[in-house]
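Below you'll find the structure, written out as structure tokens, and then a few comments.
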Amino acid sequence: MAAVRSGSDPTVTYALIAINVLAFIAELASGSSATSRGSGTIIQDGALYGPDVADGEYWRLVTSGFLHAGFIHIAFNMYFLYALGTQLEPAVGKARFAVLYFTSLLCGSFGALLLSPDTFTVGASGAVFGLMGGAVIALRARGINPRDTGLVMLIVLNLGITLIIPGISIGGHLGGLIGGAVAGFLLFEIGERMGRDVIAYIGCAALAAAAVVGSIAVA
């Protein structure tokens, strides 16, 4: 990202990484495996699973985004979260970055439940895809062609991996990407460029709420 604000540390990014790592350690302590899809109590109680969401366990829409199925899974997601967050957060500000992340996470949960409600789903990748979608909009709002940064190719490659490799949540990735792009338009085109932050934040809140309602409806 361009236009990085001097002295602005990506503390939200670091906090999100820390929460994910601590959650993974807790998973291991609860009986999950570090090398494969675990079945410990934290995974069982926090993973995204349609029938449990339908029974009122709505926290899974959020907690699933902080759980991971093995070391490789969390390593890839935290790498991309670090690479994107340390550039995007200082450029757009902590509040916009946090809103983009959590809106994308909830949209990813909706996408996952829409396509595979009866599958246990975990991972931060829906939110990470949302960061990529939001970053594209942020670059365009600053007059930068996203193709010149390699970001568009990164998205294409990751979508290809999503479609080719079995066991990856297609709905979660697409939901996060689309949700992040919409939230990015609200935050960076309407909020930042047009100076209407209140409208942007209300729009993101409405989008997140719609994702939650949609998730419950399709669970």
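All of the numbers you see were taken from the coordinates with simple rules; none came from a lab. Small disclaimer: the values here were computed from a predicted structure and weren't measured. We place every Cβ from the backbone using ideal geometry, glycine too, and count neighbours over all the protein chains shown.
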(message) What distance in nm lies between label points placed 7 Å from Cα along the C-beta direction at Ile19 and Ile168?
(response) 2.5
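Scan the stretch 31-138 for chymotrypsin sites (Phe, Trp or Tyr not before Pro) in coil per DSSP, keeping those whose Cβ has at most 16 other Cβ atoms within 10 Å, and list them by number. Show your work: numbers first, answer last.
Values: sites: Tyr49, Tyr58, Trp59, Phe66, Phe71, Phe76, Tyr79, Phe80, Tyr82, Phe97, Tyr101, Phe102, Phe110, Phe120, Phe129; in loops: Tyr49, Tyr58, Trp59, Phe120.
Of the chymotrypsin sites (Phe, Trp or Tyr not before Pro), the ones in loops of the stretch 31-138 whose Cβ has at most 16 other Cβ atoms within 10 Å are Tyr58, Trp59.
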(message) Against the empirical 2.2 N^0.38 Å scaling, what ratio does the C-alpha Rg of the stretch 172-216 come to?
(response) 1.18
(message) Given points 7 Å out from each Cα along the Cα-Cβ axis, report the Tyr79 to Met153 separation in nanometres with one decimal.
(response) 1.7
(request) Could you point to the label whose value was computed as Cα extents along the principal axes in Å for the structure here, given (1) 47, 33, 32; (2) 59, 47, 34; (3) 89, 48, 44? (result) (1)
(request) Would you pull out the residues with amide H under 5 Å of Arg196's amide H, same chain only if 5 or more places away, H placed 1.01 Å from N? (result) Gly191
(message) I'd like the Karplus ³J(HN,Hα) series for the stretch 65-81: coefficients 6.51, -1.76, 1.60, θ = phi - 60°, whole numbers in Hz, and an x wherever there's a Gly or Pro.
(response) x, 10, 10, 9, 9, x, 5, 4, 4, 5, 4, 5, 5, 6, 4, 5, 4
(message) Quick check: the angle from helix 11-29's long axis to the longest principal axis of the chain, C-alpha only, nearest 10 degrees?
(response) 10
(message) Quick one: 3J(HN,Hα) in Hz for the stretch 189-200, Karplus 6.51/-1.76/1.60 with θ = phi - 60°, rounded, Gly and Pro as x.
(response) 7, 7, x, 6, 6, 9, x, 10, 4, 4, 4, 5
